[in-house]
Amino acid sequence: MHTVNVKVLMASTMCSPTQCYRYKDKITIITGGSSGIGRGCVEVFVKHGSKVVFCSNAPEEGRAVEAEMNKIGECYFIPCDVTQEKEIENVVQQTVEKYGRIDCLINNAGIHPPSLPIDEFSGDGFRKLLDINVVGYFLFAKHALPYLRKTAGNIINTSSLVAQMAQSMAVTYVATKGAITAFTKALAIDEAKYNVRVNSFSPGNVWTPLWEHFLKDYSETDRKKIEDDGKNASVLGRFGTPEECGLTCLYLAADATFCTGVDINLSGGAELGYGIKAANALV
Ligand SMILES: NC(=O)c1ccc[n+]([C@@H]2O[C@H](COP(=O)([O-])OP(=O)(O)OC[C@H]3O[C@@H](n4cnc5c(N)ncnc54)[C@H](O)[C@@H]3O)[C@@H](O)[C@H]2O)c1
């Protein structure tokens with residue numbers, strides 16, 4: 001039986017008259033932090049007093065976010081392609097050299113290929129996607145864990161609602177997200193003995209540059225329809241925001257000290273109720 005001092009595991013909340021810091025002085029690494037959901041996580045964690053090291057394969061964008069966030073708190077951008085293990089090790093090493101510890105890793109960098117039937121996806125394309133969306137998460141976890149074990153820290157993996165519900169014309173992407181939800185649960189079992197928690201969250205439709213990129217090849221009318229469908233896919237009738245993703249991660253990191261192996265849906269209820277799904281009824 002473990003004896004755990006829960007007070008030690010909980011992040012101390014420090015409040016001034018104008019601001020509550022829920023992750024004060026904790027050291028967080030966020031991958032894919034230069035855009036969209038990752039950027040939302042950087043902003044929320046910085047605002048709550050965490051010192052954030054974030055990385056992505058978009059250095060210009062990353063430096064711009066770094067400059068903006070350093071006006072409200074402390075963060076540090078390191079360019080890194082998550083398909084390159086040496087670059088991942090560099091992010092972890094630089095974090096430890098700068099701050100001496102790691103409390104939280106948010107694995108988030110990922111891509112969504114264009115919609116295609118299975119006949120048009122290639123084995124090579126799928127392998128490259130696995131490298132970014134799955135192996136990158138695995139390698140970051142592997143290299144950060146020796147430090148996370150020292151702090152009873154935690155890992156948060158960005159999965160997707162499609163891991164549960166699937167998505168048409170996206171077999172390879174859906175497979176990578178299914179892998180992340182399963183990877184999270186398996187790692188949670190192994191790391192429990194070190195009091196390291198491993199959780200994931202599953203966004204439904206969150207408005208980010210990933211969506212803008214996805215829509216860019218459609219006509220204006222089609223874009224409007226896809227955007228409206230994206231909103232109406234949830235019972236709340238809107239897209240989620242990167243800030244809401246950041247707040248979900250903050251909850252998992254700072255407050256959810258008895259949660260491990262958990263996957264939180266962040267979907268506006270997109271998975272609720274029946275819909276018209278039969279292929280012959282959708283024409
Ligand atoms: N937006 C959504 O509706 C949605 C829904 C479910 C899950 N997700 C997941 O959320 C995560 C973030 O998506 P987003 O919508 O914010 O997308 P985004 O395109 O806005 O951001 C992706 C980030 O990952 C980085 N990145 C991509 N490839 C990389 C690589 N090889 N090495 C390092 N960094 C890399 C990009 O530079 C960027 O910073 C992804 O894992 C995505 O699958 C998004």
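The values are calculated or read from the model by the stated rules, or taken from the named source; none is laboratory data. Please read all numbers here as calculations on a predicted model, not as lab measurements. So basically every Cβ, Gly included, is an ideal-geometry build from the backbone, and we count neighbours across all protein chains shown.
Worth pointing out:
- Which listed residue is within 16 Å of the ligand (Cβ to nearest atom) and within 30 Å of LYS216 (Cα to Cα), from GLN84, GLN94: GLN84
- Per this entry, GLY268 is counted among residues that are surrounded by 19 or more Cβ atoms within 10 Å (Cβ to Cβ) and touching a Ser or Thr at 6+ places or on another chain (Cβ under 7 Å).
- Among the residues of the range 224-245, at least one is aromatic (Phe, Trp, Tyr), modelled with pLDDT of 95 or more and more than 18 Å from PHE45 (Cα to Cα).
- Only listed residue being in contact with a strand residue (DSSP E or B) (Cβ under 6 Å, 6 or more places away or on another chain) and of a type in the set (Val, Ile, Thr), chosen from THR172, THR151, THR181: THR181
- When residues in the range 237-260 are screened for being surrounded by fewer than 17 Cβ atoms within 10 Å (Cβ to Cβ) and among the small types (Gly, Ala, Ser), 1 of them pass.
- Filter result (assigned to a helix (DSSP H, G or I) and among the hydrophobic types (A, V, I, L, M, F, W, C)) within the range 220-251: ILE226, CYS245, LEU247, CYS249, LEU250
- Yes/no for LYS224 being away from the ligand (no atom under 11 Å from the Cβ), without any contact (Cβ under 8 Å) to a residue 60 or more places away in the chain and over 15 Å from the mean Cα position of the chain (by Cα): yes
- Residues of the range 13-47 that turn out to be over 19 Å from the mean Cα position of the chain (by Cα) and outside any loop (DSSP other than H, G, I, E, B), as a count: 4
- Which listed residue, of GLU97, GLU66, is of a type in the set (Asp, Glu), exposed (fewer than 13 other Cβ atoms within 10 Å of the Cβ) and outside any loop (DSSP other than H, G, I, E, B): GLU97
- Complete set of residues in the range 194-216 that are farther than 23 Å from GLY268 by Cα and either within 12 Å of the ligand (Cβ to nearest atom) or free of Cβ contacts under 8 Å to residues at least 12 places away in the same chain (or both): LYS216
- Test: residue in the range 129-143 that is over 24 Å from GLY204 (Cβ atoms), more than 20 Å from the chain's Cα centre (by Cα) and β-branched (Val, Ile, Thr): no
- Some residue of the range 13-28 being within 16 Å of the ligand (Cβ to nearest atom), in contact (Cβ under 8 Å) with a residue 12 or more places away in the chain, assigned by TED's automatic domain parsing to the domain that holds LEU139 and crowded, with 22+ Cβ neighbours inside 10 Å: yes
- SER234 crowded, with 17+ Cβ neighbours inside 10 Å, assigned by TED's automatic domain parsing to the domain that holds PHE121 and within 14 Å of the ligand (Cβ to nearest atom): no
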